[in-house]
């Protein structure tokens, strides 16, 4: 199904959650299902390219890369009318930076809050089995702590979200049920 936005505005979906909570699987599958633009997690690509864990000194570059990818996706969506599905966002970088490095780069809080404006936010629950990832931070107990920080930060920003639980199919169906009323089939929007 290729879904398009009913107006000139871009529907942006941001998917956040603790480590190994299914963000990447959900965001990629949802983008495929809706024929949307998918923005992968920049930090995951960073780890794959560098072959090491993220350090505090990497945060600014990761934030810049994640932000640039999101901006480019929105620009593409404005031309094509498709939805943008982002695997993480600046909020995730803000919380990770707080949790793992006990600092927040200057301006990140404001950028994260601005990115949330007008976006639909899904938080993936940690109710799925933990699968360890090479060179990725986190342990099963940390997943819940990161999710709690994400939810607290969303509340501090006054941003609502939907918590997605269950297996991938259940999460996909729940997300689609929320998004479909915002979208029109391609033939109706042309």
Handout entry: Failed item in (1) at pLDDT 90 or above; (2) within 18 Å of residue 23 (Cα to Cα), with residue 118 passing the rest
Key = (2)
Completion exercise
Counting only residues in the stretch 95-129 that are touching a residue at least 24 places away in the same chain (Cβ under 8 Å) and over 19 Å from the mean Cα position of the chain (by Cα), the one nearest to residue 62 (Cα to Cα) is identified as 105
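Listed here are the residues, each with its yes/no results for (1) outside any helix (DSSP H, G or I); (2) buried (at least 17 other Cβ atoms within 10 Å of the Cβ); (3) in contact with a helix residue (DSSP H, G or I) (Cβ under 8 Å, 6 or more places away or on another chain).
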{"residue": "29", "(1), (2), (3)": "no, yes, yes"}
{"residue": "46", "(1), (2), (3)": "no, yes, yes"}
{"residue": "53", "(1), (2), (3)": "yes, no, yes"}
{"residue": "59", "(1), (2), (3)": "no, yes, yes"}
{"residue": "68", "(1), (2), (3)": "no, no, no"}
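If the requirement is being touching a strand residue (DSSP E or B) at 6+ places or on another chain (Cβ under 7 Å), more than 23 Å from residue 162 (Cα to Cα) and at pLDDT below 95, which of these qualifies: 81, 35? Before the answer, list the steps.
Numbers: 35 fails: more than 23 Å from residue 162 (Cα to Cα).
Going through 81, 35 in turn, the sole match is 81.
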Practice task
Check whether at least one residue in the stretch 82-102 is in contact with a helix residue (DSSP H, G or I) (Cβ under 6 Å, 6 or more places away or on another chain) and farther than 22 Å from residue 45 by Cβ, and report yes or no.
Solution key: no
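The values are calculated or read from the model by the stated rules, or taken from the named source; none is laboratory data. Since we're looking at a predicted model, the values are computed, not measured. Neighbour counts are summed over all protein chains in view; Cβ atoms, including those assigned to glycine, are modelled from backbone coordinates with ideal geometry.
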